[in-house]
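See below for the structure under consideration.
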Amino acid sequence: MQDKSTPEEYDVVIVGRGPVGATLANLLGLCGVRTLVLEREARTYHLPRAVHFDDECMRVFQTIGLADAILPHVILSPGMLFLDAAGRMLLDWSRPQTLTPMGWHLSYRFHQPDLEDVLIGGLARWPHVTLRNRCEVFALDQDEHGVRVRCENLSNGRLSEVRAGYVIGCDGARSLVRRFIGSGMDDLGFHERWLVTDVLLKRARDDLGDYSLQHCDPRRPATYVRGTGTRRRWEITVLPDEDSQDVAQPAKVWELLSRWITPDEAEIERAAVYTFHSVIAQQWRNGRLLLAGDSAHQTPPFLGQGMCAGIRDAANLAWKLASVIRNSAAPDLLDTYQSERLPHVREFIELAIRLGGVINTKAIEAGLAAGEARENAPVKLEVKKPLLGPGLAFGDLPLAGHLAPQFTLTDDSRSDDRTGYSHVLLIEAAAALSSRLALSQAGIKVLTSDDANGLGPWLREHGVIAALVRPDRYVRGSARNEAELDRLLAAIAPPTQIPSAHVPSAA
Ligand SMILES: O=C(O)CCc1cccc(O)c1
């Protein structure tokens, strides 16, 4: 039965309330954007999927005021070791246990349902954000004014519709929104079946260690990841002649795990065969429809970056959407979302594929081929964060497209907590800034080298007197002198303005 009342209106409808959809909804909540999240499931999916996120994601969770609520649910990851079939270490991807320039640790492990519960709980802080579960979107029709979103209530079969300024598909690999956008997928060539099994330990097994392990055994490559609490994960290659269903049967799972653990020591929480894909949607936006997360890109898991990429999408997109919805930017600002994010995520996916190759072959040979290894010594792996693709960053200026650090302020608070999800100009205290009032009217905050420990040395290290940082913490442009500073500030006029946002504490 169709509900005939006038459709409710929202600025943004998000399809899917997984970690990416829920983070985006929190960011839009922070910006004061009227948001509806539609989710087909009744509640948080209880089984783990993503298990790892990085310092940049934690910084986004800080931005939405939820980092403190998330911290009790995570453990720090010391990193990942690559072992050959005889157990010798080939590649060492240890992570520093100190804070990174983001102000957080480089690597966290977590249980996805715990994270989702915090993110979804956080939505209750925003009166203008609504979550509707058991609601399946089946049609999206856009015109010049907005999108007609039609959905079915899966509890009672009732049909309804709402109007949205924009619809964001955070609806996963089989995205309906992507179908309405009409996007094809670029195939990066990696498609492998792996058995993913999570077990719950019945008693402590400290000998398994805290490092993730890549068993680079060409006969059957496998990954071990220590989860939070008693949860441990193994991912094991499925051989070409094996049937996916047979491999996931408990007897076969225990046979495959027998090198490491037995049924006396643990129970299987879940075992399923997944095909790890490497694909990127060709078109992330069609008018008022956009994609974020797995709907836009899928990666093999070896870097632990799948969900991180989606969280970065949300952070890149939310402030742009808010600016367009508030009419302080033209809709073509939204085109910079794909142009900036796609090359970034592509670089991570390509590295994950190369690592997959290492796991599948022999790491030392790959390391030697890359000229990085000495005979009989493990290769040290360090993963550099890619740059933003072309878009808003002034590409010819130092730092443009890089993440800005988070500084500790002289009152011991953190710079992101002071500046919020806003543009901020980081500037030498001695530099002349004639237009402070104009900046503040434009929603751009100012932090000087007198306010923030380490800011002056950071600017000087890069040969600049100022850097303009966007709400997603990427540097938009910098200035080496006062003439360049005037040019930088003039170039962003009229500035991309979002309302100053106050972060309430977690619900
Ligand atoms: O970096 C880590 O500790 C784990 C990253 C990870 C997660 C899941 C699968 C995988 O191959 C790597």
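The values are calculated or read from the model by the stated rules, or taken from the named source; none is laboratory data. Remember, it's a predicted structure, so these values are computed and weren't measured experimentally. Using ideal geometry, Cβ is built from the backbone for each residue, glycine included, and neighbour counts are taken over all protein chains shown. Keep in mind that these areas ignore ligands, DNA and RNA; they rest on the heavy atoms of the full protein, side chains included. Shrake-Rupley method; radii C 1.70, N 1.55, O 1.52, S 1.80 Å.
Close contacts from the range 443-454, counting a first residue that is assigned to a strand (DSSP E or B) and a second that is basic (Lys, Arg) and open to solvent by 50 Å² or more (accessible area, probe 1.4 Å), with Cβ to Cβ under 8 Å and a gap of 6+ residues or different chains, come to LYS445/ARG418; VAL446/ARG436; LEU447/ARG418.
Within the bounds of the range 180-201, is there any residue that is over 21 Å from ALA272 (Cα atoms), within 12 Å of the ligand (Cβ to nearest atom), among the aromatic types (Phe, Trp, Tyr) and open to solvent by 40 Å² or more (accessible area, probe 1.4 Å)? Looking for residues that are over 21 Å from ALA272 (Cα atoms), within 12 Å of the ligand (Cβ to nearest atom), among the aromatic types (Phe, Trp, Tyr) and open to solvent by 40 Å² or more (accessible area, probe 1.4 Å), one finds none in the range 180-201, hence no. Here GLU269, GLU255, GLU242 are screened, and the one residue that is more than 16 Å from the ligand (Cβ to nearest atom), open to solvent by 20 Å² or more (accessible area, probe 1.4 Å) and not in a helix (DSSP H, G or I) is GLU242. Examine the range 207-215 for a residue that is open to solvent by 20 Å² or more (accessible area, probe 1.4 Å), aromatic (Phe, Trp, Tyr) and closer than 26 Å to GLY310 by Cβ, and state whether such a residue exists. Among the residues of the range 207-215, at least one is open to solvent by 20 Å² or more (accessible area, probe 1.4 Å), aromatic (Phe, Trp, Tyr) and closer than 26 Å to GLY310 by Cβ, which makes the answer yes.
One residue stands out in the range 308-328 among those that are in contact (Cβ under 8 Å) with a residue 12 or more places away in the chain and open to solvent by 20 Å² or more (accessible area, probe 1.4 Å): the one that is nearest to LEU176 (Cα to Cα), namely ILE325.
Could you tell me whether any residue of the range 65-79 is of a type in the set (A, V, I, L, M), under 20 Å from ALA352 (Cα atoms) and under 19 Å from the mean Cα position of the chain (by Cα)? Outline the logic, then answer.
Keep residues of the range 65-79 that are of a type in the set (A, V, I, L, M), which gives 66-67, 69-71, 74-76.
Remaining after also requiring under 20 Å from ALA352 (Cα atoms): none.
No.
Quick check: is even one residue across the range 87-104 within 14 Å of the ligand (Cβ to nearest atom), in a strand (DSSP E or B) and under 20 Å from LEU119 (Cα atoms)? No.
With respect to (1) modelled with pLDDT under 95; (2) within 16 Å of the ligand (Cβ to nearest atom); (3) surrounded by fewer than 18 Cβ atoms within 10 Å (Cβ to Cβ), the lone exception for THR228 is condition (1).
Only one residue in GLY121, GLY165 is outside any strand (DSSP E or B), touching a residue at least 60 places away in the same chain (Cβ under 8 Å) and more than 16 Å from the ligand (Cβ to nearest atom), so which one is that? Residue meeting the stated conditions: GLY121.
Being in a strand (DSSP E or B) and either over 30 Å from LEU159 (Cβ atoms) or among the aromatic types (Phe, Trp, Tyr) (or both) is the requirement here; does PHE61 meet it?
Numbers: in a strand (DSSP E or B): no; either over 30 Å from LEU159 (Cβ atoms) or among the aromatic types (Phe, Trp, Tyr) (or both): yes.
Taking the combined requirement at face value, the residue does not satisfy it.
When ALA204 is tested against the conditions (1) of a type outside the set (D, E, K, R); (2) free of Cβ contacts under 8 Å to residues at least 60 places away in the same chain; (3) closer than 20 Å to ALA50 by Cα, the lone failure is (3).
Restricting attention to the range 34-89, the residues being of a type in the set (Ser, Thr, Tyr), out of contact with any Pro (no Cβ under 8 Å at 6 or more places or on another chain) and surrounded by fewer than 24 Cβ atoms within 10 Å (Cβ to Cβ) number 0.
Note on the range 282-299: among residues that are surrounded by fewer than 23 Cβ atoms within 10 Å (Cβ to Cβ) and under 17 Å from LEU188 (Cβ atoms), the one that is farthest from the ligand (Cβ to nearest atom) is GLN283.
Yes/no matrix, rows are residues, columns are (1) under 15 Å from the mean Cα position of the chain (by Cα); (2) on the phi > 0 side of the Ramachandran plot; (3) modelled with pLDDT of 95 or more:
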site	(1), (2), (3)
LEU317	yes, no, yes
LEU333	no, no, yes
GLU340	yes, no, yes
GLY367	no, no, no
LYS380	no, no, no
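Could you list all residues from the range 132-162 that are assigned to a loop (DSSP other than H, G, I, E, B) and farther than 21 Å from LEU28 by Cα? Result: ARG134, ASP143, GLU144, LEU154, SER155, ASN156, GLY157, ARG158.
Can you tell me which residue is surrounded by the most Cβ atoms within 10 Å (Cβ to Cβ) among those in the range 216-225 that are away from the ligand (no atom under 11 Å from the Cβ) and in a loop (DSSP other than H, G, I, E, B)? Please lay out each step first, then the result.
Initial filter on the range 216-225 (away from the ligand (no atom under 11 Å from the Cβ)): 216-220.
Now narrow it down to the ones that are in a loop (DSSP other than H, G, I, E, B): 217-220.
Values: ASP217: 18, PRO218: 12, ARG219: 8, ARG220: 13.
Filtering first and then ranking leaves ASP217.
Every listed requirement among (1) over 20 Å from ALA322 (Cα atoms); (2) touching an Asp or Glu at 6+ places or on another chain (Cβ under 9 Å) is met by ARG163 save one, (1).
In the set (1) among the polar types (S, T, N, Q); (2) touching a helix residue (DSSP H, G or I) at 6+ places or on another chain (Cβ under 6 Å); (3) at pLDDT below 95, GLN97 fails one condition alone, (2). The residue that is nearest to the ligand (Cβ to nearest atom), among those in the range 202-211 that are farther than 15 Å from ARG109 by Cβ and in a loop (DSSP other than H, G, I, E, B), is ARG205. Within the range 67-81, is even one residue at pLDDT 95 or above, away from the ligand (no atom under 11 Å from the Cβ), touching a Cys at 6+ places or on another chain (Cβ under 9 Å) and of a type outside the set (Gly, Ala, Ser)? No, there is no match, as no residue in the range 67-81 is at pLDDT 95 or above, away from the ligand (no atom under 11 Å from the Cβ), touching a Cys at 6+ places or on another chain (Cβ under 9 Å) and of a type outside the set (Gly, Ala, Ser).
Let's see how each residue does on (1) closer than 22 Å to HIS215 by Cα; (2) not charged (D, E, K, R):
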position: GLU255; (1), (2): yes, no
position: SER258; (1), (2): yes, yes
position: TRP284; (1), (2): no, yes
position: ASP294; (1), (2): no, no
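Which numbered condition in (1) within 17 Å of VAL20 (Cβ to Cβ); (2) within 16 Å of the ligand (Cβ to nearest atom) is the only one that THR275 fails? The one condition THR275 does not meet is (1). In the range 466-497, which residues are assigned to a loop (DSSP other than H, G, I, E, B) and either surrounded by fewer than 22 Cβ atoms within 10 Å (Cβ to Cβ) or at pLDDT 95 or above (or both)? Correct list: ARG470, PRO471, ASP472, ARG473, ARG480, ASN481, ILE492, ALA493, PRO494, PRO495, GLN497.
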